[in-house]
1. May I ask you to give the solvent-accessible area per residue for the chain, in square angstrom, as obtained with a 1.4 angstrom probe?
2. As I understand it, the value is the acute angle between the Cα axis of helix 58-86 and the longest principal axis of the Cα atoms of the chain; what does it come to in degrees, rounded to 10?
3. Counting only protein heavy atoms and a 1.4 Å probe, tell me what percentage of the chain's accessible area is made up of carbon and sulfur.
4. Counting Lys +1, Arg +1, Asp -1, Glu -1, what net charge surrounds Glu14 among other residues with beta carbon under 12 Å of its beta carbon?
5. Can you find, among Thr64, Pro95, Leu4, the residue farthest towards the positive end of the dipole of the chain? Put +1 on the C-beta of Lys and Arg, -1 on that of Asp and Glu.
6. Would you list the P(r) distribution for segment 39-99, with all Cα-Cα distances sorted into 10 Å bins from 0 and each bin expressed as a whole %?
7. Could you rank Phe89, Phe29, Phe17 by how accessible they are, 1.4 Å probe, largest area first?
8. Roughly speaking, what is the centre-to-centre gap between segment 1-25 and segment 26-68 when only Cα atoms are used, to the nearest Å?
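The values are calculated or read from the model by the stated rules, or taken from the named source; none is laboratory data. Treat the numbers as computed from the prediction; the structure is a model and nothing was measured. A quick note on method: Cβ atoms are made from the backbone with ideal geometry, for glycine too, and the neighbour counts reach across all protein chains shown. Heavy atoms of the whole protein, side chains included, go into the accessibility calculation; ligands, DNA and RNA do not. Shrake-Rupley method; radii C 1.70, N 1.55, O 1.52, S 1.80 Å.
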Amino acid sequence: MSDLVSAGAPELPEGYFYRVRPAVLVSAFFVEVRRRNRFIGSTELASILVYPSDHPSATEAIVTACREACLQWRESETARAVYREAERFRGDHDPRGGR
């Protein structure tokens, strides 16, 4: 990850990392933000498909995709937090105060 961060990708918190892997059957790559699981493996949190041929350089393509994946991940985290907050209102609400 240090190569990507030094090239301009956002730094991720401890336990999180980028995975860059080729897409099957196309000249593209998936750039993923992932979180290490406690015991084995990792969980994908965000994924962006990037076509290096659409960018001036391969480095710029991957770094741009890292930024987009990071933004996607942070937006989804915010949405989940709002949903969890709204969960406290789940159920019936009688306007007169009863159940």
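1. 74 Å²
2. 10 degrees
3. Answer for the chain is 53 percent, counting heavy atoms of protein chains only.
4. Details: positive: Arg35, Arg36; negative: Glu11.
Taking every Cβ under 12 Å from that of Glu14, the sum is +1.
5. The listed residue farthest towards the positive side: Pro95.
6. 18, 26, 24, 15, 11, 5, 1
7. Numbers: Phe89 115, Phe29 75, Phe17 35 Å².
Ranked from most to least accessible, the order is Phe89, Phe29, Phe17.
8. The two parts, judged by their Cα centres, are 7 Å apart.
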